[in-house]
Amino acid sequence: MTTIWHNPRCTKSRQTLALLEENGETPNVIKYLETPPSIDEIRAALTALNVPAIQIMRTGEKTFKNLGLSKIDPDETLITAMAENPILIERPIVFKNDRAAIGRPPEDVLNIL
């Protein structure tokens, strides 16, 4: 099963979803702004991506600055912030089996299919 954390207002997210469908995938689409991932789901995403929390954060987002976050904050601080403010999560993230990829650029997700 393929899953995408998707924001339909985001061009890269729409392009990634279309690319998945063009490659025969029918992903489970999670509109993560409406259904935010839990702290455990974010931790699992980081494990699947094999990256620190800052790598999936939208550091240019106004909320990042408003919360007083920094790029050197501990992972747990950033994970909690993403769970409470899903707008901070980079999009899209695609999951397949125990692997994940960020769709920036969209073609990066092809490596996990």
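Taken over segment 42-64, the residue count meeting the criterion of being surrounded by fewer than 12 Cβ atoms within 10 Å (Cβ to Cβ) and more than 20 Å from Cys10 (Cβ to Cβ) is 2.
Taken over segment 58-80, the criterion of being in contact with a strand residue (DSSP E or B) (Cβ under 8 Å, 6 or more places away or on another chain) and within 14 Å of Arg43 (Cβ to Cβ) is satisfied by Leu78 alone. Candidates Asn85, Asn111, Asn50: the one that is among the polar types (S, T, N, Q) and more than 14 Å from the chain's Cα centre (by Cα) is Asn111.
Looking across segment 1-19 at every residue that is of a type in the set (Ser, Thr, Tyr) and in contact with a strand residue (DSSP E or B) (Cβ under 6 Å, 6 or more places away or on another chain), the one that is surrounded by the fewest Cβ atoms within 10 Å (Cβ to Cβ) is identified as Thr3.
Applying the criterion of at least 3 residues that are in contact with a Phe, Trp or Tyr (Cβ under 9 Å, 6 or more places away or on another chain) to the helices (runs of 4 or more DSSP H) found wholly in the chain leaves 39-49.
Every number in this text was worked out from the coordinates using simple rules, so none of it is lab data. Since the structure is predicted, the reported quantities are computational estimates derived from the model, not experimental observations. Here the Cβ is made from the backbone with ideal geometry for all residues, glycine too, and neighbour counts use every protein chain on show.
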